[in-house]
Amino acid sequence: MSVPTPSSPETPRLTTHVLDTAHGRPAAGVAVQLWRLTDGAREEVARTLTNADGRCDAPLLAGEALRPGIYELVFAVGAYFAGSGDDGAGDFLDEVPVRFVVRPGLTHYHVPLLIAPYAYSTYRGS
C-alpha cells in the first residue's frame, strides 16, 4: 500500500493525527489503517504509522482516490499504550475504529483522535 504525496490545499485529502492526552504529547508510532466500506465489504486503502508529531507524513488519501462513501480509520492504541512505559495503560483499549462518511464536494477531511488509556474522543477537524 502506498501513501499519496502531499497535496495542495485545493486537492481533496484525508488526514489524521493522534494526541495522547494522558501524557500531554503527540502519540508517535501509532499504527493507522484506513478502510473503505462498500456494500458490506471492507477494502484496506492505506496503512501507516504516526510520526513524532502524532501525524501521518502524507495524506491517507488525496485527489481522486478520496471518493464519496463510508470509511473507517482503525488506530492501534493498545500497542501504543503497552509500549508507553505506563504500567497497565494498554490493558483496556486495543483498536479504536472511527467510521465516517465522505460527502461529495467537500475537499478536506481531518479526523483527529485524542487518546488516554481508558478513553478516547474524535471530531471533524479542519
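The values are calculated or read from the model by the stated rules, or taken from the named source; none is laboratory data. This structure is a prediction, so every number in the text was calculated from the model and none was measured. Here the Cβ positions follow ideal geometry from the backbone for every residue, glycine too, while neighbour counts run over all protein chains shown. The area values use the complete protein model at the heavy-atom level, side chains included, leaving out ligands, DNA and RNA. Shrake-Rupley method; radii C 1.70, N 1.55, O 1.52, S 1.80 Å.
Before anything else, pin down the relative contact order of segment 13-122: Cα pairs under 8 Å, at least 6 apart, normalised by residue count, whole percent. Show your work: numbers first, answer last.
Values: 242 pairs, mean separation 35.3, N = 110.
Dividing the mean separation by the residue count of segment 13-122 yields 32 percent.
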Applied in sequence order to segment 85-95, the curve 6.51 cos²θ - 1.76 cosθ + 1.60 (Karplus, θ = phi - 60°) yields integer Hz couplings, x standing for Gly and Pro, of x, 9, 3, x, 5, x, 8, 10, 7, 10, 10
Considering the dipole of segment 13-122 built from charges on the beta carbon (Lys and Arg +1, Asp and Glu -1) around the Cα centre, which of P112, T38, H23 is farthest to its positive end?
-> T38
Please get the size of the charge dipole for segment 1-107, origin at its Cα centre, with Cβ charges of +1 on Lys and Arg and -1 on Asp and Glu, quoted in debye to the nearest 20.
-> 420 debye
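With all pairs of different alpha carbon atoms counted, what Kirkwood hydrodynamic radius in Å does segment 13-122 show? Numbers along the way, then the final one.
Numbers: mean 1/r = 0.0701 Å⁻¹.
The answer is 14.3 Å.
Whenever you get a sec, compute what percent of the accessible area on the chain sits on carbon and sulfur atoms (1.4 Å probe). Before the final figure, lay out the partial values.
On the way: 3510 of 6690 Å².
Reported share for carbon and sulfur atoms: 52 percent.
Within a Cβ distance under 11 Å of T50, other residues only, what is the Lys/Arg minus Asp/Glu net charge?
Details: positive: R55; negative: D20, D53, D57.
Every neighbour counted, the sum reads -2.
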How many angstrom separate the Cα center of segment 19-35 from the Cα center of segment 55-124?
-> 8 Å
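For segment 1-121, report the accessible area per residue in Å² (1.4 Å probe, heavy atoms, rounded to an integer). If you can, show how the numbers build up before the last one.
On the way: 6250 Å² over 121 residues.
Counting only protein heavy atoms, the per-residue value for segment 1-121 is 52 Å².
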